[in-house]
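The values are calculated or read from the model by the stated rules, or taken from the named source; none is laboratory data. As the structure is a prediction and not an experimental result, all values here were calculated from the model. In this analysis, Cβ positions are derived from the backbone assuming ideal geometry, glycine residues included, and neighbour counts consider all displayed protein chains. Note: areas computed on protein heavy atoms with side chains; ligands, DNA, RNA excluded. Shrake-Rupley method; radii C 1.70, N 1.55, O 1.52, S 1.80 Å.
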Amino acid sequence: MVLITIPFNKPYLTGKEMHYIYQAVHSGKISGNGMFTQKCQKYFEDRYGFKKALLTTSCTDALEMCAILANIEKGDEVIVPSYTFVSTALAFVRQGATIVFADSRSDHPGIDENKIENLITTKTKAIVPVHYAGLSCDMDKIMFLANKYNLLVIEDAAQSIDSFYKGKPLGSIGHMAAFSFHETKNINSGEGGLLAINDIRFIKRSEIIWEKGTNRAEFLRGEVNKYGWVDIGSSFLPSEIIAAYLWAQLENLEDIQKQRIEIWEQYYDGLKDWANNNDIGLPNIPDYATNNGHMFYLVCRSSEQRDKLIEYLNANAILAVFHYLSLHKSDYYRKEHKGGDLPFSDRYTDRLLRLPFFFELSQLDLQLIIKIILNFPVKDIV
Ligand SMILES: Cc1ncc(COP(=O)(O)O)c(C=O)c1O
């Protein structure tokens, strides 16, 4: 067995995390919705223009809150790309929704915006676009359909912090959005997430669902003199210890983004000729989207070529990994999938490979990865 020396991910510590955690612990207030939670939420509201930002313990939790807020009930249909993480669909399935899976684009793993309208029925309640690799879906097309058919749009922005569509921050365009701060994301708190609300109709209820179905947030602001059980909800809010860690990351967001985008560009420059000459796909950034340096991926010519390249990199002590498995073929949901084949979702399932990507990836290691890939006998395995 080869010992991996270049991991796929390494969570970045800015250096202030323990300092802020110490402050949180010594403030005597370590449950949720304290000073650090509010600082983080205000930061997101100010920087990205969300009407309301609520920290959650994960993106999955934020998506579950969206499903509750959207009043998803048994029989409602929700349109979700098949090429995504389980949570994008699961959050709505828990509320009783039927998931209608959409295919990916031929030039990008994101949802094919032009194939959504055919999936809309009288039962459709919401569309959940995923901005894969932090690269925006064509949101004008999706919002047009939402307006035409009176649907909600919930952006799965798990990977999309600090990325933009035609100048608008991702997560600020749909009615609501969910972000992830899992340790693999650009900014992280180990596990963590954010619910962003852009439609003010949902603000009041979002705080109640967040606080176990109580109006405790109103009570903490002094707006009511007692709080109690007023709706459904759960314990979606993280402790101040998590928020304190996240605050240290947010303070360094610009540096983190700059460094990650630089790593991304070096991968691109180092691999583009090789990829072109060998018919390997590289990330495609549409002109309406920005790149937030979340991920660098290759789309190989076949699953055999992808698997061999992963093996070859592992043999050279580099951990490269595949990504999502089409959800319409999952053990849990394939019997429920009434739609047809989704060839592009399957294509990315079989052929996409992600390269090591983290803030502290050194120049030396980055150049080594590129050099090793350029030496892969790509023409022998197609
Ligand atoms: C598109 C997408 N949505 C949701 C999630 C779930 O995020 P979390 O682990 O924060 O719950 C992920 C996880 O990476 C994801 O890739």
Review point. Could you give the semi-axes, largest first, of the ellipsoid that matches the stretch 192-304, computed as the square roots of 5 times the alpha carbon gyration tensor eigenvalues and rounded to whole Å?
Key: 45, 17, 13
Point to revise | Where Cα atoms sit under 25 Å apart: lysine pairs in the stretch 15-142 separated by 8 or more or lying on different chains | key: 22
Study note, to complete from the structure: Farthest towards the positive end of the dipole of the chain, among I161, F92, S82 and with Cβ unit charges of +1 on Lys and Arg and -1 on Asp and Glu, lies the Cα of F92
Revision key, fill the gap. Per the Cα gyration tensor, the chain corresponds to an equivalent ellipsoid with semi-axes, largest first in Å, of 35, 27, 17
Check your understanding: Using alpha carbon coordinates only, what is the Rg to Rh ratio of the stretch 244-382, with Rh defined as the Kirkwood radius?
Key -> 1.02
Practice item. For the stretch 19-124, run through the trypsin sites (Lys or Arg not before Pro) and keep only the ones in DSSP coil with at most 10 other Cβ atoms within 10 Å of their Cβ. Key: K74
Review point. Looking at the stretch 1-160, what % of its DSSP beta bridges pair antiparallel, to the nearest 5?
Key: 10
Check your understanding: Comparing E223, E262, E240, which has the greatest mean-square fluctuation in the GNM of the chain with Cα pairs linked when under 10 Å apart?
Key -> E223
Study note, to complete from the structure: Share of accessible surface on carbon and sulfur in the stretch 69-212, whole %, 1.4 Å probe and ligands ignored, is 51
Revision key, fill the gap. Stokes-Einstein D for the stretch 40-99 (37 °C, 0.692 mPa s, Kirkwood Rh from Cα pairs), in µm²/s, comes to 261
Review point. Considering amide H positions built from the backbone, and no H for Pro or chain starts, which residues 5 or more places from F164, or on another chain, come under 5 Å of its amide H?
Key: L170, T290
Study note, to complete from the structure: With a 1.4 angstrom probe the carbon and sulfur portion of accessible area for the stretch 255-307, in percent, totals 37
Exercise for review: Would you grab the residues whose amide H sits under 5 Å from the one on A320? Only those 5+ places off in sequence or on another chain, please, with H modelled 1.01 Å from N.
Suggested key: N314
Revision key, fill the gap. Scoring the chain by relative contact order with C-alpha pairs under 8 Å, at least six apart, yields a percentage of 23
Check your understanding: Dipole of the chain, Cα-centred, from +1 at each Lys and Arg C-beta and -1 at each Asp and Glu C-beta, to the nearest 20 debye?
Key -> 720
Point to revise | 12 Å beta-carbon shell around Y297, net charge (K/R +1, D/E -1) | key: +3
Revision key, fill the gap. Excluding near-sequence neighbours (fewer than 8 apart on one chain), the stretch 234-354 holds lysine pairs with C-alpha atoms under 28 Å apart numbering 4
